[in-house]
Amino acid sequence: MKLARNIFSVMMGVVILAGNVYAHGPTPQRVDEQLVLSADIDDVWQVVADFSSIGDWHPQVTVVEMTDDTTRVISIEGQQGTITESLDESDAERRYISFRLLREDITVIPVSFYSIAIQLEAVDAGTEVTWRGRFYRGDTGNFPPENLSDAAAVEAMTAYARNGLEGLQQSLAK
């Protein structure tokens, strides 16, 4: 009986390991960036909460077209296509806004999906802005090309977050 249990345990371990070896598809990736701005939280919130204004402060965003109150089509500097984002939540009391990729263009940003949340918090030096992104690489198959891999997605989304935070800082310093 003990031998049968041991054999069963070993076999289950092999099945679990084999399942992991043959698992496929992308894993969720993330970017978490923060920057403390020497600006009042209400001033920062006024800029961030305006879903249509990202082109005014994000240096990579060159054109913003609002198709309705909660959907925007944006062009990214140096890219031919556009991406469409949808506002999920905007909470003035919590100073929190979140949006997601509604229509992708992997030639613009090499991701197949993302959600972004921007949270503001008052700190002694001004306002801490946290940009959190969750996303999947551009090619969701088992063997993505290098330009659509997890690494490419992380690099692009990290640059998008950092550039956005730095652009926000610059726009508020004016």
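Put a plus charge on the Cβ of each Lys and Arg, a minus charge on the Cβ of each Asp and Glu, and nothing anywhere else: the dipole of the chain about its Cα centre is then about 1180 debye. For the chain, with all protein chains in place and a probe radius of 1.4 Å, 52% of the accessible heavy-atom surface sits on carbon or sulfur.
For the range 38-51, 3J(HN,Hα) computed residue by residue from phi via the Karplus equation (6.51, -1.76, 1.60; θ = phi - 60°) reads 8, 9, 5, 4, 5, 5, 5, 4, 4, 6, 5, 5, 7, 4 Hz, glycine and proline entered as x.
Only helices enter the 222 nm calculation for the chain: every DSSP H run of n ≥ 4 contributes -39,500 (n - 2.57), and dividing by all residues gives -11000 deg cm²/dmol, rounded to 500.
Per residue, the solvent-accessible area of the range 74-159 (1.4 Å probe, heavy atoms of protein chains only, all protein chains present) comes to 49 Å².
Accessible area per residue was computed with a 1.4 Å probe on protein heavy atoms; Asp40 scores about 80 Å². Near Ser52: Cβ cut-off under 10 Å, other residues only, Lys/Arg at +1 and Asp/Glu at -1. The net charge is -3. A 1.4 Å probe, protein heavy atoms only, puts the accessible area of Met66 near 70 Å². Measuring with a 1.4 angstrom probe and ignoring ligands and nucleic acids, Glu65 comes out at about 100 Å² accessible.
Net charge in the neighbourhood of Gln34 (other residues with Cβ under 13 Å of its Cβ; Lys, Arg +1, Asp, Glu -1) is -3.
The values are calculated or read from the model by the stated rules, or taken from the named source; none is laboratory data. Since the structure is predicted, the reported quantities are computational estimates derived from the model, not experimental observations. Cβ atoms come from the backbone with ideal geometry, glycine included; neighbour counts cover every protein chain shown. To get the accessible areas, we keep the full protein, side chains included, count just its heavy atoms, and leave off ligands, DNA and RNA. Shrake-Rupley method; radii C 1.70, N 1.55, O 1.52, S 1.80 Å.
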